[in-house]
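The values are calculated or read from the model by the stated rules, or taken from the named source; none is laboratory data. Predicted, not measured: the structure shown is a model, and the values here were computed from it. Cβ placement follows ideal geometry from the backbone for every residue including glycine, while neighbour counts extend to all protein chains displayed. For the accessible areas, the whole protein counts, side chains as well, though only heavy atoms, and no ligand, DNA or RNA atoms are used. Shrake-Rupley method; radii C 1.70, N 1.55, O 1.52, S 1.80 Å.
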Amino acid sequence: MNKMLKKSLVALILIACVLPPFLIGGIAMDILVGAITALAAVEIASLEDGKRHYAFAVVIFAAVELMTYTEDVTVSFSISMWLFFLFCCDLASEKMTTDRIAYTFIMSMILMLAWRGVDRICIHGFNGLMMLFVGIACYMCDTGAYFIGSFFGKHKMNPRLSPHKTWEGAIGGYAVAVVCALLWGFLVMIPYAPKTAPAELVVVASFLLPAVAEVGDLAFSAIKRRWGIKDYGSLLPGHGGILDRIDSLLFCLMAFNGLLILWSL
């Protein structure tokens, strides 16, 4: 099967699986987030040597879940205990390197902050239209960059981190995502949820999130280069692992959560 066709088919299947929880929210969203966290924890635990360390993955999963659903006033305590635990592991076992501890902590923080963004969107009654807004701003940038870069890309963006990304793809993907996010925001989200989607927030997020998505993609590429791996896993044909598919989205959710806090929403 053609590589692009396979990648597109897998993407469509993923959309079909993710879209209902995005729209329904509630327990469906909790199950989706839990499943993604579990798969991501396995990939994080195997970063250093590529082996499946399921016991460590369970610990990572439990820590992310605990920090995600801890109240704001006590979340700093749970984060501190997680960091303390990781360094105890480093001191107790020769197999646990400081690099492994550091990257495990960083990636668990990214997951936790992203899921707290999802929790804020769902718990405060911001409907699925807002989740789709974040998804559109993220993945239209990724999709636009892929296709524009494939056909028009000539100037490499950062060969050290991602040899296939080009400036043409990055700029084109950003522009596509901004336009799509603005259209979704003003034609769909604001008319149906004006109180939870102020026009100023939509504009700022539409211009900010695609840029954040590209930084997130490169950040996860930098981590892969550090460990000398091509993908985080092989679960999704044509896409790699679950972290390869949600890297940009995690950064966008973190950023959008920050915007909601700034707007006191």
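Points worth noting:
- Restricting region 129-166 to residues that are touching a helix residue (DSSP H, G or I) at 6+ places or on another chain (Cβ under 6 Å) and aromatic (Phe, Trp, Tyr) leaves a set whose member that is most open to solvent (accessible area, probe 1.4 Å) is 152.
- Tally of residues being open to solvent by 60 Å² or more (accessible area, probe 1.4 Å), under 17 Å from residue 242 (Cβ atoms) and not in a helix (DSSP H, G or I) across region 45-89: 1
- Selection within region 4-27: residues that are more than 27 Å from residue 145 (Cα to Cα) and open to solvent by 30 Å² or more (accessible area, probe 1.4 Å). The member of this set that is modelled with the highest pLDDT is 27.
- Hey, residue 35 open to solvent by less than 80 Å² (accessible area, probe 1.4 Å), in contact with a Phe, Trp or Tyr (Cβ under 7 Å, 6 or more places away or on another chain), modelled with pLDDT of 90 or more and closer than 17 Å to residue 244 by Cα or not: no
Conditions tested, residue by residue: (1) under 24 Å from residue 19 (Cα atoms); (2) part of a helix (DSSP H, G or I); (3) in contact (Cβ under 8 Å) with a residue 12 or more places away in the chain.
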position: 111; (1), (2), (3): yes, yes, yes
position: 135; (1), (2), (3): yes, yes, yes
position: 157; (1), (2), (3): no, no, yes
position: 181; (1), (2), (3): yes, yes, yes
position: 184; (1), (2), (3): yes, yes, yes
position: 188; (1), (2), (3): yes, yes, yes
position: 191; (1), (2), (3): yes, yes, no
position: 207; (1), (2), (3): yes, yes, yes
position: 213; (1), (2), (3): yes, yes, yes
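- Residue 130 satisfies every condition listed in (1) farther than 23 Å from residue 12 by Cα; (2) in contact (Cβ under 8 Å) with a residue 60 or more places away in the chain except (1).
- Residues being open to solvent by less than 50 Å² (accessible area, probe 1.4 Å) and either over 17 Å from the mean Cα position of the chain (by Cα) or not hydroxyl-bearing (Ser, Thr, Tyr) (or both) - total across region 98-119: 15
- Within the span defined as region 120-129, every residue fails to be hydrophobic (A, V, I, L, M, F, W, C) and at pLDDT 90 or above.
For every residue, the table says whether it meets (1) farther than 30 Å from residue 264 by Cβ; (2) at pLDDT below 90; (3) among the basic types (Lys, Arg); (4) surrounded by fewer than 18 Cβ atoms within 10 Å (Cβ to Cβ).
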| residue | (1), (2), (3), (4) |
| --- | --- |
| 200 | no, no, no, yes |
| 210 | no, no, no, no |
| 215 | no, no, no, yes |
| 220 | yes, no, no, no |
| 237 | yes, yes, no, yes |
| 242 | yes, no, no, no |
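- Some residue of region 167-177 being within 16 Å of residue 256 (Cα to Cα), open to solvent by less than 40 Å² (accessible area, probe 1.4 Å) and in a helix (DSSP H, G or I): yes
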